[in-house]
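Notes follow the structure.
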């Protein structure tokens, strides 16, 4: 290691910046962001006295002659110096910096490749949660209490590990700082009393099927979960992203088969959270779009248990994009509605309102009800020649797309409802004619 990474407190200290160009301006802004008192100088007329007492000097004149002259002045004054793009003249170098409101990560290649450092910074920025700084602030607020109430070092370390990587942390990262403080207080009291702390449930959207469409937060939680209660429709490729020792519990329900009752799923979530587990309830698509995620969140909140929600790419968005169908289009559709092919308690969609021209329908769980969907739309006034598309296993390697007209919807759906068929989405509207189907002419009439 050629350079020792250190973090200096520059608040209220004098920093000299020599130069007038963009590089000098960036260094001046960086020093000010750390609270430094910045003095800007031109190399002409500068002397040793201008540098004396400074904590650091940044030089970016743009010329070798100017940089060398200013560097000599700073060295004569005993001030550590950084010269832009000239590592041989530097006492210290500037790393690529990720700053998340007090949580700072510095990346350096020792001056060998600033471009590589920038690329690494981008990857780290993508991996770090945006609210990680709020988590650091939460830890700061509990430091004195934890030190006073937990005298045993091992128990205190356990408390800190759970605080920054457990339920309270997840609530902070989800934006629920008040809920995080309540959980942290409970955990502090539990550690003090040698009790088992409560866990947390995360209701997570798995997206339409392609593992690369998982959100960053969903992928992180799969690596942290003690148990994953997953839907039948979540593919093995996504479950494979889970931590190796996580318990995988299939709780899915598919039409025509016996599965877990919703009340049993909610009871299992509560049991595991009360036992101190971090539980991911993994749902296909988005948990709040025809996924009953709202019911599970209600049950957990009613029980006073911590819960967070992580959205996913819903089937309508994923399948439409994968099939090349824009759900809205300036010339064809100015509105889109998501509709379930099955309603709870007999509730039906307002089909007459959905039959308007310039309106796209994305119908979930509708393939087995294709004839009924067709008849209701036709009765509501939709033209029988309206384009339709059925996307099965959207975004997955075995995706299948059929296109046709509304009058032929039931016959189109027949190939998507066989015994081994995957989940299908029906799209109704003029935009369906834009589906990219290599082996089938658009709007082909089924005979």
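The values are calculated or read from the model by the stated rules, or taken from the named source; none is laboratory data. It should be emphasised that the depicted structure is a prediction, and the values quoted were computed from it without experimental measurement. Using ideal geometry, Cβ is built from the backbone for each residue, glycine included, and neighbour counts are taken over all protein chains shown.
Go through the residues of the stretch 38-45 one by one and say whether even a single one is touching a residue at least 40 places away in the same chain (Cβ under 8 Å) and within 40 Å of the chain's Cα centre (by Cα).
Scanning the stretch 38-45, I find no residue that is touching a residue at least 40 places away in the same chain (Cβ under 8 Å) and within 40 Å of the chain's Cα centre (by Cα), so the answer is no.
Give the residue, chosen from 47, 66, that is over 16 Å from residue 93 (Cβ atoms) and either loosely packed, with under 13 Cβ neighbours inside 10 Å or touching a helix residue (DSSP H, G or I) at 6+ places or on another chain (Cβ under 8 Å) (or both).
Sole residue among the options that is over 16 Å from residue 93 (Cβ atoms) and either loosely packed, with under 13 Cβ neighbours inside 10 Å or touching a helix residue (DSSP H, G or I) at 6+ places or on another chain (Cβ under 8 Å) (or both): 47.
Tell me which of these residue 301 doesn't satisfy, since it passes every other one: (1) surrounded by fewer than 20 Cβ atoms within 10 Å (Cβ to Cβ); (2) more than 29 Å from residue 411 (Cβ to Cβ); (3) in contact (Cβ under 8 Å) with a residue 60 or more places away in the chain.
(3)
Out of the stretch 266-275, which residues are touching a strand residue (DSSP E or B) at 6+ places or on another chain (Cβ under 7 Å) and at pLDDT 95 or above?
Residues satisfying the conditions are 268, 269.
Which of the residues spanning the stretch 371-394 are part of a strand (DSSP E or B) and closer than 18 Å to residue 358 by Cα?
Matches in the stretch 371-394: 387, 388, 389.
For the stretch 1-36, enumerate the residues that are at positive phi and within 32 Å of the chain's Cα centre (by Cα).
Answer for the stretch 1-36, where residues must be at positive phi and within 32 Å of the chain's Cα centre (by Cα): just 35.
Out of 161, 157, 194, I need the residue that is farther than 18 Å from residue 283 by Cβ, at pLDDT below 85 and assigned to a loop (DSSP other than H, G, I, E, B). Which one?
194
Go through (1) at pLDDT below 90; (2) over 30 Å from residue 221 (Cβ atoms); (3) loosely packed, with under 14 Cβ neighbours inside 10 Å one by one and return the number of the condition residue 369 breaks.
Here residue 369 clears every test but (3).
Residue 114 is checked against (1) more than 30 Å from residue 181 (Cα to Cα); (2) surrounded by 13 or more Cβ atoms within 10 Å (Cβ to Cβ); (3) touching a helix residue (DSSP H, G or I) at 6+ places or on another chain (Cβ under 8 Å) and fails just one. What number does that condition carry?
For residue 114, the failing item is (3).
Scan the stretch 205-229 residue by residue and report those that are in a loop (DSSP other than H, G, I, E, B), in contact with a strand residue (DSSP E or B) (Cβ under 7 Å, 6 or more places away or on another chain) and closer than 15 Å to residue 394 by Cα.
206, 208, 214
Return the residues of the stretch 410-422 that are at pLDDT 90 or above and either in a loop (DSSP other than H, G, I, E, B) or closer than 14 Å to residue 399 by Cα (or both); say none if nothing qualifies.
Passing the criteria: only 416.
For the stretch 193-205, check the following and say yes or no: at least one residue is surrounded by fewer than 18 Cβ atoms within 10 Å (Cβ to Cβ), in contact (Cβ under 8 Å) with a residue 12 or more places away in the chain, over 18 Å from residue 296 (Cβ atoms) and under 15 Å from the mean Cα position of the chain (by Cα).
no
Looking at the stretch 107-119, can you tell me whether even one residue there is under 23 Å from the mean Cα position of the chain (by Cα), over 25 Å from residue 9 (Cα atoms) and at pLDDT 85 or above?
yes
How about the stretch 395-409: which of its residues are assigned to a strand (DSSP E or B) and under 14 Å from residue 373 (Cα atoms)?
Of everything in the stretch 395-409, just one residue is assigned to a strand (DSSP E or B) and under 14 Å from residue 373 (Cα atoms), namely 405.
For residue 165, indicate whether it is surrounded by fewer than 22 Cβ atoms within 10 Å (Cβ to Cβ) and in contact (Cβ under 8 Å) with a residue 40 or more places away in the chain.
Here the answer is yes, as residue 165 does meet what is asked.
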